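I have placed the structure first, in the form of structure tokens, so that the comments after it can refer back to it.
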């Protein structure tokens, strides 16, 4: 997990989203595919999320937007949008939720029963 250090703040939310989006796009490894977490995205079960990640068989990036969300340019260039539902969460909690889901994906891929509890 690589947090984007947003050292600037802007008065307009749109300018802040563009700045954060530019930082993300410029920092991707080898221009890898990326997927954004956004409440307008597709809601996946843990098993479907595991299948989704396994099927890509390539390096991908998962992007969690900033306080004001994700700039439209970043969303439009994303390979897909993934949602954890319509609720909103703090960034700290959401990062933890994503990590927990990645742990469950690892369990599924390794036939560990933890994900079934």
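What the table shows:
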| quantity | calculated |
| --- | --- |
| Shape of region 1-42, Cα gyration tensor, a/c cut at 1.5 | oblate |
| With Cα atoms, 0 to 90° folded angle of helix 91-109 axis to the chain main axis | 30 |
| Most to least packed among 4-12, 76-84 [average Cβ atoms within 10 Å] | 76-84, 4-12 |
| Tilt relative to the chain, helix 13-27 - C-alpha long axis, 0 to 90 degrees, to 10 | 60 |
| Förster-model FRET efficiency, 35 Å R0, residue 6 and residue 46, C-beta, rounded to 0.05 | 0.70 |
| Overall dimensions of region 13-116 by Cα: Rg and Dmax, Å | 14.2, 45 |
| Crossing angle, helix 46-56 versus the chain [Cα axis fit, 0-90 degrees, rounded to tens] | 70 |
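No lab work stands behind these numbers, since they all come straight from the coordinates. Computed from a prediction, not measured in an experiment: that's the story for all the values here. Please note: Cβ atoms are built from the backbone with ideal geometry, for glycine as well, and neighbour counts cover all protein chains shown.
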